[in-house]
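Notes follow once the structure below has been shown.
The values are calculated or read from the model by the stated rules, or taken from the named source; none is laboratory data. Since this is a predicted model, take the numbers as computed values, not measurements. Cβ placement follows ideal geometry from the backbone for every residue including glycine, while neighbour counts extend to all protein chains displayed.
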Amino acid sequence: MELCRIYFLLFWAFQLVYAQKTTDPNEVDALNKIIIHWNLSGKLNLTTDPCSQNASWAPENANPRIACDCTGSTCHITNLKIYALDIFGEIPQELFLLKELMDLNLGQNVLSGPLPAEIGQLSKMQYLSLGINNLTGPVPPELGNLNKLISLSFSSNNFNGTLPTQLGMLTSLQQLYIDSSGVSGPIPQELANLKALQTLWASDNGFTGILPEFFGNLTELIDLRLQGTSLEGPIPGSFGALTKLVNLRIGDLSKEDSTLDFLENQTSLSILSLRNCRVSGEIPERIGTFAKLQYLDLSFNKLTGQIPNSFQNFSLLQNLYLGNNNLSGDLPSNIISPNLIALDVSFNPISGNLPPNFAKVGFSMNVLRTSINANSLLDRKAIGMLQCLQNECTNQVQASSFSIKCGGMEQTSSSGIKFDNDSESLRAASLYTNSNDQWAVSNTGNFISNPNGPQYIVTTETQITNTLDSELYKTARISPSSLRYYGLGLENGKYNVELHFAEITMDDSQSWKGLGRRLFDIYIQGERVVQDFNIQKEAGGSKRALIKTFEANVTKTIIEIHFFWAGKGTCCIPFQSTYGPLVSAIHVYQASNAGFSAKRDKKRVGKLFGIAVGSAAGFLIMSSIFYLWWIKDKSGHMQVHTNSPSKGYFH
């Protein structure tokens, strides 16, 4: 009993001493000035000592939050979180008087101006987050003084210039988030010193030069993302040493070809995306031994040879994208693994039969422009015509215009143009053709970080300005990768292509939610007509209509309009998976017709279909990828002709 009494007295003595401690008055004064500078008095009203244990801002989940170290005679502020509260203005000098700061989180605000060099005075900093703000100027080299940093984020800002070489001094760094930060130029060799680095997000920056070989020395890397830069290949063989990788996303490399030879022992990989990287050669059999793979994207490359039989061994794989390559041979018969929900092998000269389990529930498959035998699905008379999307549609020429309300129901514009219904649900690899067979739409890709999020159509209830047709812009098709529209059976000649846009998912408010950037490329008839297209910027704001008109020449009765994401733009503002192509409506007409739709011959009844299985096994709907164009002949039989649009443009 006596011992318990002593412990009890000591405990309360400690509490009393602790309670009597106060915060360094210089820090209190600095903090009060910061609160005034950022107009935070309504959210952070210091009625008690900042380091009071029972203050409303003390809990770990508080925002704003102040936490302290009171182990000495005086309390010092060690943690300051002002997260997603739309604070604006520049970073005040008083912030750098909080010398004991170890964790500073100013993410998701609207801070502007430069990041002051004085940031280097906070030498005890371990976690520094400045991501999603509007900071400008160069990244200060003084960041290199923070040699205790474990995590550093300044992604989604508007910095300029190169990365400072001094970042190589941060040898304790485990996480570095610099995606969409605005930096450019070569990646400094000094970053080779970051041996403890586990996470590096560096996509959507203007990096130039060859993809650095020294990345292969950062053997603790678990998550590496380098998409949408100006880096050149090849992918170095040194990357073979990165055996701890769980997530590897490299994209959009230029100049030199790469191979997959570096993929040796990356058996921890869950996500592997090497999209649009000029990868050539064959796919190694050993990739099929990466048992933890859930997402594999090797599309838009130059791969040859056969799809490895080892791919039949995947047990966790959910998405497999091999489209737009030069793969040949037979499709492995058991390639559809138990968890696979999307398979894209389109735009490859592969052959063979449809896998026996292709019709399982929830699965979609794209075999467009392949030689895969469809007899297992269709009557023999129904084989033969899908060549229309590659070659001239003989005897099918009936139209000189078409109009589409992308992602929405049929609408008639104020000028009398009827825009067709395009509200069909698409999937990660799917195609739909409208009821009068005048046009088709194809989508490929998956929102990896938010698979249950955007489902390829977005809507808004907000009025759209700068147009008499607000309703036309309240829905849109989106895609995380590749979105194509085809006009079918057109008269040959010159056409005007009107593309209607309005940015309806990104804000242009004064909030941090208004800091997103959507960038994508537009191709018409295989020619890139716009690179790094930014709807919001060109329209002068969000929820504003924009029409871009192009000329195109139709020589084989088909027109293709391709919206392609090249890895650029922010990924997660105002929410996860806000990126990729977006289009509101399309109106295509012969230049001589001044925009009026021509009447179509009612004899033409062709229809494109995809293969996808919904809630009941074996139920075929128009939302996946196998393209069939049904034609009713004189005897009343349904005929189908195989289709093969032109190969991808990134070879």
Of the residues in region 51-72, how many are farther than 17 Å from GLU27 by Cα and either among the hydroxyl-bearing types (Ser, Thr, Tyr) or touching a residue at least 40 places away in the same chain (Cβ under 8 Å) (or both)? 1
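So which strands (runs of 3 or more DSSP E) stay within region 447-520 end to end and still have 3 or more residues that are buried (at least 17 other Cβ atoms within 10 Å of the Cβ) and in contact (Cβ under 8 Å) with a residue 60 or more places away in the chain? Talk me through it step by step, then tell me what you get.
Working: elements: 457-459, 475-478, 482-487, 493-501.
Once the strands (runs of 3 or more DSSP E) in region 447-520 are filtered for at least 3 residues that are buried (at least 17 other Cβ atoms within 10 Å of the Cβ) and in contact (Cβ under 8 Å) with a residue 60 or more places away in the chain, what remains is 475-478, 482-487, 493-501.
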Among GLY540, GLY526, which is the only one that is modelled with pLDDT under 95 and over 15 Å from VAL583 (Cβ atoms)? GLY526
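What number of residues within region 42-61 satisfy the criterion of being over 40 Å from the mean Cα position of the chain (by Cα) and among the polar types (S, T, N, Q)? Walk me through how you get there before you give the answer.
Initial filter on region 42-61 (over 40 Å from the mean Cα position of the chain (by Cα)): 46-55.
Imposing the further condition that a residue be among the polar types (S, T, N, Q) reduces the set to 47-48, 52-54.
Final tally of qualifying residues: 5.
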Just to be sure, is LYS33 in contact (Cβ under 8 Å) with a residue 60 or more places away in the chain and of a type in the set (Lys, Arg)? yes
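Among the residues of region 33-55, how many are more than 19 Å from LYS21 (Cβ to Cβ) and polar (S, T, N, Q)?
Residues of region 33-55 more than 19 Å from LYS21 (Cβ to Cβ): 33-45.
Going one step further and asking which of them are polar (S, T, N, Q), we end up with 39, 41, 45.
Residues that pass the stated criteria total 3.
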Restricting to region 288-302, name every residue that is crowded, with 22+ Cβ neighbours inside 10 Å and either acidic (Asp, Glu) or closer than 22 Å to GLY352 by Cβ (or both). LEU296, ASP297, LEU298, SER299, ASN301
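Restricted to region 276-289, and to residues that are over 19 Å from ARG225 (Cα atoms) and in a loop (DSSP other than H, G, I, E, B), which residue is nearest to the chain's Cα centre (by Cα)? Write out each step before concluding.
Here is the first cut: in region 276-289, the ones over 19 Å from ARG225 (Cα atoms) are 280-289.
Of the ones still in play, those that are also in a loop (DSSP other than H, G, I, E, B) are 283-284.
Numbers: ILE283: 25, PRO284: 27 Å.
The residue in question is ILE283.
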Odd one out for ASP49, checked against (1) farther than 22 Å from LYS513 by Cα; (2) in contact with a helix residue (DSSP H, G or I) (Cβ under 7 Å, 6 or more places away or on another chain): (2)
LEU226 in contact with a Lys or Arg (Cβ under 8 Å, 6 or more places away or on another chain) and surrounded by 21 or more Cβ atoms within 10 Å (Cβ to Cβ): yes
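Could you look through region 521-553, keep only residues that are hydroxyl-bearing (Ser, Thr, Tyr) and touching a strand residue (DSSP E or B) at 6+ places or on another chain (Cβ under 7 Å), and pick out the one that is surrounded by the most Cβ atoms within 10 Å (Cβ to Cβ)? Show your work before the answer.
Within region 521-553, the first condition is being hydroxyl-bearing (Ser, Thr, Tyr), and the residues that meet it are 523, 542, 549.
Restricting the remaining residues to those that are touching a strand residue (DSSP E or B) at 6+ places or on another chain (Cβ under 7 Å) gives 523, 549.
Numbers: TYR523: 18, THR549: 9.
Selected residue: TYR523.
Restricting attention to region 182-191, which residues are buried (at least 16 other Cβ atoms within 10 Å of the Cβ) and in a helix (DSSP H, G or I)? Walk me through it before giving the result.
Initially, region 182-191 is screened for residues buried (at least 16 other Cβ atoms within 10 Å of the Cβ), giving 182-184, 187-188, 190-191.
Answer for region 182-191, where residues must be buried (at least 16 other Cβ atoms within 10 Å of the Cβ) and in a helix (DSSP H, G or I): GLU190, LEU191.
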Positions within region 417-441 being in a strand (DSSP E or B) and modelled with pLDDT of 85 or more, in sequence order: LYS418, PHE419, ASP420, ASN421, ASP422, ALA429, TRP439, ALA440, VAL441
Please go through (1) buried (at least 19 other Cβ atoms within 10 Å of the Cβ); (2) in contact with a Ser or Thr (Cβ under 6 Å, 6 or more places away or on another chain) for ASP69 and return the number of the only condition it doesn't satisfy. (1)
Could you go through region 213-231 and let me know if any residue there is touching a residue at least 60 places away in the same chain (Cβ under 8 Å) and either aliphatic (A, V, I, L, M) or not in a loop (DSSP other than H, G, I, E, B) (or both). no
Is it true that GLN198 is out of contact with any helix residue (DSSP H, G or I) (no Cβ under 7 Å at 6 or more places or on another chain) and surrounded by fewer than 23 Cβ atoms within 10 Å (Cβ to Cβ)? yes
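Looking at region 245-271, which of its residues are of a type outside the set (A, V, I, L, M, F, W, C), closer than 17 Å to ILE283 by Cβ and part of a loop (DSSP other than H, G, I, E, B)? Spell out how you get there, then give the answer.
The initial filter retains those residues of region 245-271 that are of a type outside the set (A, V, I, L, M, F, W, C), namely 247, 249, 251-252, 254-259, 261, 264-268, 270.
Applying the additional criterion that residues be closer than 17 Å to ILE283 by Cβ yields 257-259, 261, 264-267.
Those that are of a type outside the set (A, V, I, L, M, F, W, C), closer than 17 Å to ILE283 by Cβ and part of a loop (DSSP other than H, G, I, E, B): ASP257, THR259, ASP261, GLU264, ASN265, GLN266, THR267.
Would you point out which residue out of ASN466, ASN450, ASN434, ASN443 is in the same structural domain as ALA585 (by TED's automatic domain parsing) and in contact with an Asp or Glu (Cβ under 8 Å, 6 or more places away or on another chain)? Outline the logic, then answer.
Values: ASN466 fails: in contact with an Asp or Glu (Cβ under 8 Å, 6 or more places away or on another chain); ASN450 fails: in contact with an Asp or Glu (Cβ under 8 Å, 6 or more places away or on another chain); ASN443 fails: in contact with an Asp or Glu (Cβ under 8 Å, 6 or more places away or on another chain).
Step by step, each of ASN466, ASN450, ASN434, ASN443 is checked, and only ASN434 is in the same structural domain as ALA585 (by TED's automatic domain parsing) and in contact with an Asp or Glu (Cβ under 8 Å, 6 or more places away or on another chain).
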Can you find a residue in region 565-579 that is of a type in the set (Val, Ile, Thr) and either touching a helix residue (DSSP H, G or I) at 6+ places or on another chain (Cβ under 8 Å) or part of a strand (DSSP E or B) (or both)? yes
List the number of the failed condition for ARG604; all other conditions in (1) modelled with pLDDT under 95; (2) crowded, with 16+ Cβ neighbours inside 10 Å; (3) under 22 Å from PHE447 (Cα atoms); (4) not acidic (Asp, Glu) hold. (3)
May I ask you to say which residue of GLY137, GLY131, GLY113, GLY107 is out of contact with any helix residue (DSSP H, G or I) (no Cβ under 9 Å at 6 or more places or on another chain), assigned by TED's automatic domain parsing to the domain that holds LYS21, closer than 30 Å to GLY185 by Cβ and buried (at least 20 other Cβ atoms within 10 Å of the Cβ)? GLY131
Here is a check on your reading of the model: is THR259 among the hydroxyl-bearing types (Ser, Thr, Tyr), touching a residue at least 24 places away in the same chain (Cβ under 8 Å) and closer than 23 Å to MET169 by Cβ? no
State which residue is modelled with the lowest pLDDT when the search covers only region 350-386 and only residues that are more than 35 Å from the chain's Cα centre (by Cα) and charged (D, E, K, R). LYS381
Among the numbered criteria (1) part of a loop (DSSP other than H, G, I, E, B); (2) surrounded by fewer than 15 Cβ atoms within 10 Å (Cβ to Cβ), which single criterion is violated by ASP29? (1)
